[in-house]
Amino acid sequence: MIAEPVRVRGSITQETLRLMQTLIDGWSKHPTFVQLARQVAALAKADTPTNEAWAVWAWVRSHVDYRSDPVGTQWVQDPWETIVKSKAGN
């Protein structure tokens with residue numbers, strides 16, 4: 001999946017969270033992203049899990065352009081598209 005509108009099956013919030021959890025489950029252990037997170041944390045000299053998380057957040061904020069969802073829709077995009085290919089998302 002690159003990006004897709006959330007198809008509502010009840011609550012749009014619940015469906016969005018379900019899609020996000022699916023992406024987390026599928027991508028959180030991907031070697032490319034694990035290595036990137038470790039490099040970012042090391043460069044930031046992060047010494048706690050909280051500091052590691054802040055370092056990754058700051059890296060994403062400075063390397064990924066924010067894009068709003070089209071009006072009236074909620075888009076969920078996979079991390080490969082967001083970080084590697086388009087460097088844009090939300």
- prompt: Where in the chain are there helices (runs of 4 or more DSSP H), lying fully within it, with 3 or more residues that are at pLDDT below 90?
  reply: 12-27
- prompt: Of all residues in segment 35-76 being touching a residue at least 40 places away in the same chain (Cβ under 8 Å) and within 14 Å of the chain's Cα centre (by Cα), which is farthest from Leu23 (Cα to Cα)?
  reply: Leu36
- prompt: How do the pairs read when you match residues in segment 77-90 that are closer than 13 Å to Met20 by Cα with residues anywhere that are assigned to a helix (DSSP H, G or I) and modelled with pLDDT of 90 or more, using Cβ under 7 Å and keeping only pairs 6 or more apart or on different chains?
  reply: Asp78/Leu23; Asp78/Trp27; Pro79/Leu23; Pro79/Trp27; Pro79/Phe33
statement: Note on Trp27: of the conditions (1) among the hydrophobic types (A, V, I, L, M, F, W, C); (2) over 15 Å from Asp78 (Cβ atoms); (3) in contact with an Asp or Glu (Cβ under 8 Å, 6 or more places away or on another chain), unmet is (2)
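The values are calculated or read from the model by the stated rules, or taken from the named source; none is laboratory data. Note that the coordinates shown come from a computational prediction; the quantities given were computed from them, not determined experimentally. All Cβ positions, glycine included, derive from the backbone under ideal geometry; neighbour counts span all protein chains shown.
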